[in-house]
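All remarks here apply to the structure that follows.
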Ligand code: SF4
Ligand code: MSK
């Protein structure tokens, strides 16, 4: 009998899987070294088509049940669940998991804030008292005549409700434009408390509970809103209060930020408390001396993924790359230590680290990885952990044996556009406001605003969809706001500097040149998408662009998304009123009632809606068409035509 030999693994061509030159260079080196990365695994792991369509259910042991995506109503599960119930439940659980991740991150920051406020923690403090007052006032706390400590204690008590409240509305609901809030109240989707919403979502998606896709959609909308206007917003605001509100800073990005003659330490993950402490440790004179005694020119601290984005926008710490570059960067052999906390940390990192002698540390009790050393990080004594990481990195530097190859690519970008800074930048520090942004949208110089955010994913060419989409948007006068790994893609492409305004359409270019800003504004980490919600609310409050977020000429996209957090973010933007387009794949069968509900009916109910395409040009077209539809509804289509005619006239005059 012939025994079929297993197929040889498919080899990738690095230039086909990424446009990041540094990553491609390291993937070539990994191939020479016989080291496998997620790019190789993706090429050799065919995505399950039934799972990709969300046409399967394993919520009980009468199944798992697989339905036919090509003929979705031809079958039901053993319990009778139809395709709409099955995929709504699956989608809901993705929202619940993503919301849990962001809100648990926010809860850690809230715990830290409580301990700082009560004086039990002294390694961190309240840094931005202006922001403290503003956040307190925004949720109705009277700050008049109160000390910083009194305001902070009241703020803590209020914000704790974001998580634990059983009935009522979460505190940041007070920031939502009244018309948007009215729609939510009518639909019964105002979050009470994040824990309650996530718990109820998990209950309702248990076998034999909620089996009506519209009802499930209402609860996952409520759950997602508990993320965007709850857990994520608490994380962002308290991080700003304790670590500083970002303002634009010039940063170096890409793998060339590693330095062969220095001790290189990478921090990767999400919660900035770890990174802030490592930042202190690497500036400790005794540790700098130890590094020099070991023969290093110094200690080089570098960020990756969202931890990196947090430190980049607050302190200008260099950033080595986004999610799909985290294994590749270790292939340089130059990384002496990589410390991680939570979220987006590939298990494969531990193996790559071992191959190159990099010491990998997990630090958070929620995240341990086989093959990585665990050094517990305690907010009450953070330096115990982070000093040890630095000491171990120095030891590894001293004992480096493997050859080092660092791609000589460094890009620069200006990042750190908090929603507060956008208002100062456009309105001036004495009369900071969104009036100039709204005015420029109304007069048509800026056609609209797009949030382009999210991950990178080995199922598509790394960074390519982000970069092509953003280029198309700015060329068409759409101002782009960015968070997470997407902004790193654009920074590497050179689009986050003011000079990139030459790639913008004439109206946007004029605004960028007048203000001196890039056409692509990096706001922070993925948890900081809440800054975009606040900016959108400010635009509504400013006037002239309708009375709800749904009426704004704005759109959102996550062109290379991969995580459940991305689905939660997408859903809170949709529920807030924003048309949101995802790329890669969409976990729903087309031509089902649930698909129609998400892609059409939610908009008719006064919310936003979902869109999908993997093609960046089509994505830009869809987003611009939506922006134009909103402009038309606001009666702004005329002003834009006038500006375009003016610019065309001007160009023909220049050519003459
Ligand atoms: Fe199948 Fe219904 Fe059980 Fe899901 S809940 S596995 S559809 S029987
Ligand atoms: S890290 S969720 S890959 S943006 Fe926030 Fe990047 Fe996406 Fe993770």
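Rule-based calculations on the coordinates, nothing more; no lab input. Keep in mind that this is a model prediction, so the values were computed, not measured. Every residue, glycine as well, gets a Cβ built from its backbone with ideal geometry; the counts of neighbours run over all protein chains shown.
State, to one decimal in nm, how far the label point of residue 297 lies from the label point of residue 146, with both points 7 Å from Cα in the Cβ direction.
Rounded to a tenth, the inter-label distance reads 5.1 nm.
Is the shape of segment 413-633 best called rounded, prolate or oblate, per the rule: a/c under 1.5 gives rounded, else a/b larger than b/c gives prolate, else oblate, with a ≥ b ≥ c the square roots of the Cα gyration tensor eigenvalues? If you can, show how the numbers build up before the last one.
Details: a/c = 1.69, a/b = 1.25, b/c = 1.35.
Judged from the Cα gyration tensor, segment 413-633 comes out oblate (a/c at least 1.5, b/c at or above a/b).
Modelling each spin label as a point 7 Å along the Cα-to-Cβ direction, I'd like the residue 134/residue 475 distance in nm, to one decimal.
Calculated label separation equals 3.6 nm.
Using 0.36 nm times the number of residues separating residue 153 and residue 591, minus their current alpha carbon distance, what extension gain do you get?
Here the segment from residue 153 to residue 591 would lengthen by 152.5 nm.
Quick check: residue separation of residue 401 and residue 284 times 0.36 nm, minus the Cα distance between them. What number comes out in nm? Kindly include the intermediate steps, with their values, before the conclusion.
Details: separation 117, 0.36 × 117 = 42.12 nm, distance 2.66 nm.
Answer, rounded to one decimal: 39.5 nm.
Counting helices only, and only those DSSP H runs with n ≥ 4, report the 222 nm mean residue ellipticity of the chain as the sum of -39,500 (n - 2.57) divided by its residues, in deg cm²/dmol to the nearest 500.
Theoretical 222 nm ellipticity from helices: -15000 deg cm²/dmol.
Write down the Kirkwood hydrodynamic radius of segment 376-478, to one decimal in angstroms, obtained as one divided by the mean of 1/r over all alpha carbon pairs.
Here the Kirkwood hydrodynamic radius works out to 19.1 Å.
Given points 7 Å out from each Cα along the Cα-Cβ axis, report the residue 66 to residue 164 separation in nanometres with one decimal.
4.7 nm
Of all the C-alpha pairs in the chain, what % are more than 49 Å from each other?
Beyond 49 Å sits 11 percent of the P(r) for the chain.
Once you have the Cα-Cα distance between residue 424 and residue 186, take 0.36 nm times their residue separation minus that, and quote the gain in nm to one decimal. Mind showing how you got there, number by number?
Working: separation 238, 0.36 × 238 = 85.68 nm, distance 3.53 nm.
My answer for the length gained is 82.2 nm.
Which whole-number percent is the relative contact order of segment 1-95 (Cα, under 8 Å, 6+ apart)?
Values: 72 pairs, mean separation 16.2, N = 95.
Result for segment 1-95 is 17 percent.
Taking the Cβ-Cβ separation of residue 247 and residue 4 as r and a Förster radius of 45 Å, what is the calculated FRET efficiency to the nearest 0.05?
Plugging the Cβ-Cβ distance into 1/(1 + (r/R0)^6) gives 0.15.
Go ahead and run the numbers for FRET between residue 633 and residue 11, Cβ-Cβ distance against an R0 of 35 Å, rounding to 0.05.
Values: r = 52 Å, r/R0 = 1.47.
Computed FRET efficiency for residue 633 and residue 11 comes out at 0.10.
Over the chain, calculate the relative contact order: mean separation of alpha carbon pairs under 8 Å at least 6 apart, over the residue count, as a percent.
16 percent
Please report the antiparallel percentage of DSSP beta bridges with both residues in segment 265-419, rounded to the nearest 5. Spell out each step's value before the answer.
Numbers: 0 of 15 bridges.
Of all bridge pairs located within segment 265-419, approximately 0 percent are antiparallel.
Can you tell me what share of the DSSP beta bridges in the chain is antiparallel? A percent to the nearest 5 is fine.
The antiparallel proportion sits near 15 percent.
Give the relative contact order (percent, whole number) for segment 317-447; include only Cα pairs under 8 Å separated by 6+ residues. Numbers along the way, then the final one.
On the way: 136 pairs, mean separation 24.6, N = 131.
Relative contact order of segment 317-447: 19 percent.
Based on the Cβ-Cβ distance from residue 46 to residue 604, what FRET efficiency comes out when R0 is 35 Å, to the nearest 0.05?
With a Förster radius of 35 Å, E is 0.40.
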